[in-house]
Amino acid sequence: MKPRDIRTAAIGRALLPNVWDLAALILVIGAMVLIVYGGKQTVAPLSELERTPVSLDPANLPLYALRTTLRMLLAMVCSTVFTFVYAAIAAKSRRAELVMIPLLDILQSVPILGFLTFTVVFFMNLFPGQVLGAELASVFAIFTSQAWNMTFSMYQSMRNVPKDLEEATQSFHLSGWQRFWRLDVPFAMPGLIWNAMMSMSGGWFFVVASEAITVGTTTVTLPGIGSYVALAIQQQDLPAILYAMLAMLFVIIAYDQLLFRPIVAWADKFRFEQTASGEAPASWMLDLFRRTRALRALTLPFAALSRAISNLRIPLPKLPPAAAGKGQPSRLLDTVWIALILAGTAYAASLTYRYLSASLGMSDVLVVIRDGLITLLRVAVLISLATLVWVPVGVWIGLRPKLAERIQPLAQFLAAFPANLAFPVFVLAIVHFKLAANIWLSPLMILGTQWYILFNVIAGASAFPSDLREAASSFHLGGWRWWFKAILPGIFPYYVTGAITASGGSWNASIVAEVASWGDTHLKATGLGAYIASATEAGDFPRVVLGIATMCILVTLFNRLVWRPLYAFGERRLRLG
């Protein structure tokens, strides 16, 4: 047989399907059928929702779970695209960073459901009379609960790329576009994936409210697990809540096994280290697709297209250190840019002042500042306590990939557990034991946001280079010296990202945590969240604006005075490479 015939026969055998192709094909076709079936429901007329209202029959939960999962996955796709664009611009442009990072601080502190006030009408008018408009409004609300955490993670990673890797990209003369796809994205991938998992889980809290869309006097209730839970709480149906929790657990395990665990195992190759990792995360799903023949052959054109796109020599802005300090033109542009920012801020402040001064006085400002400082104290104490608890736990889990695989679904379920389901327990306990609401309502603020710290610390410990662990072992670092000399500096940038997001989420959650109720029992704590909640309930829009503006100012100042200096310290002193 000629060599050409041997090569042709070998290629033919490589393209022949095997048993793994059959299993993978069943999974792919099943996923496509579910997506198409769920997508068809979104183009139905709004009248269809009235004919088939949400029911607490457990037989409807599979369809509700499918609809909710598709909304969350679409929001995750949008969050990923937003993250790549927003974080890249903020990390690459020093002038853009002056605006974009404080804006990100403000966006994560604004009550997430408040976005619906401005977007529901827009999406409903885009597709009048169709379910699709309400679906997009719901997806946008979930997007606002996912995007900020992922953007902070990628921004932190891009600002902490090891210097020797930066020098390597310069020696290979990579363009800005090539550097982004060959260095920035791979280096950010481990932390970004863990934050995507946290964002996916954190979105469950807002699904409960985002699936009930109100336009004027009309409320559109979308079928989903969130609307199912809301109806169960309204009717105080505990068995239905248990059914919903079981459905959530099943969905979380499904997308953990079919989506996130394969991505975690695939992204392990992007860890920054000079020696081989001792234990690599595994995924049966990833192994299944790696063993296929025909399906892998079908992906070759897409892989070639991906390589061609990443190889394009598109110039992008240089890193801030390279762009700064190059003479008078740069200083002049900086001065003009800062002047424009200050002018825009002053104009917005003047408009707000004219609106508020028409109905509010200095006594109202003093009250809201007092309440804001009380909530600030709560947030600071809760973040400190969460740090003491979850940093050691996260390091312990992150340094053990096999343990992380087992803990991952449990951690996602705990993070996904809607914190408002725990409110009745706290209310009844506070009333029964006659506890102080100002103290014991506080844990509700961090019940759903503490997981940002855990997930980011796990991501940092998982990405901690094995060669540094070996170096610490060879120098016989142990006990407190190992914590302060090795692992804490290694995970510090990841911790700061998690703490910023947990802090912003706690401010956001204070609006519902400082005012909790169950049935006819209502508890209220003194704080900015309770101030905004009370003003919203009373329809007092000037006080709502004053409360939200105060919250944004306090969050921005706290981030500028505490978290940003810690970010800078991590970039300057704790950078790998």
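So the values come out like this:
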{"item": "Alpha-carbon spread of the stretch 451-563, three principal axes, descending order, Å", "result": "64, 34, 20"}
{"item": "Simple label model, 7 Å out from Cα along Cβ direction - V28 to R290, nm", "result": "1.9"}
{"item": "Hits among aspartates and glutamates - C-alpha to C-alpha of K434 under 19 Å, sequence gap 8 or more where chains match", "result": "E514, D520"}
{"item": "Whole-number accessible area per residue in Å² for the chain, which is evaluated in the context of all protein chains at 1.4 Å", "result": "49"}
{"item": "Carbon/sulfur fraction of accessible area - the chain, other protein chains in place, 1.4 Å, %", "result": "70"}
{"item": "Largest-first ellipsoid semi-axes for the stretch 329-452, taking √(5λ) over the Cα gyration tensor eigenvalues, angstrom", "result": "39, 28, 13"}
{"item": "Rounded accessible area of H476 (nearest 10 Å², 1.4 Å probe)", "result": "150"}
{"item": "Trypsin sites (Lys or Arg not before Pro) within the stretch 428-526: DSSP coil, no more than 10 neighbouring Cβ in 10 Å", "result": "K434"}
{"item": "Computed [θ] at 222 nm, helices only, for the chain once each DSSP H run of length n ≥ 4 contributes -39500 (n - 2.57)", "result": "-23500 deg cm²/dmol"}
{"item": "Percentage relative contact order, the chain, counting C-alpha pairs under 8 Å, at least six apart", "result": "21"}
{"item": "Cα gyration tensor, the chain - rounded (a/c under 1.5), prolate or oblate", "result": "oblate"}
{"item": "Efficiency of FRET from Cβ geometry, W482 and A304, R₀ 35 Å, rounded to 0.05", "result": "0.15"}
{"item": "Options L356, V496, F140, ranked by Cα towards positive dipole end of the chain, top entry (Cβ charges)", "result": "V496"}
{"item": "Listed residues F180, A346, P409: farthest to the positive end of the dipole of the chain (Cβ charges)", "result": "F180"}
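The values are calculated or read from the model by the stated rules, or taken from the named source; none is laboratory data. Just so we're clear, the structure is a prediction, and the values are computed from it rather than from any experiment. Backbone-built Cβ (ideal geometry, glycine too); neighbour counts: all protein chains shown. When the accessible area is computed, the model is the full protein with side chains, heavy atoms only, and any ligands, DNA or RNA have been set aside. Shrake-Rupley method; radii C 1.70, N 1.55, O 1.52, S 1.80 Å.
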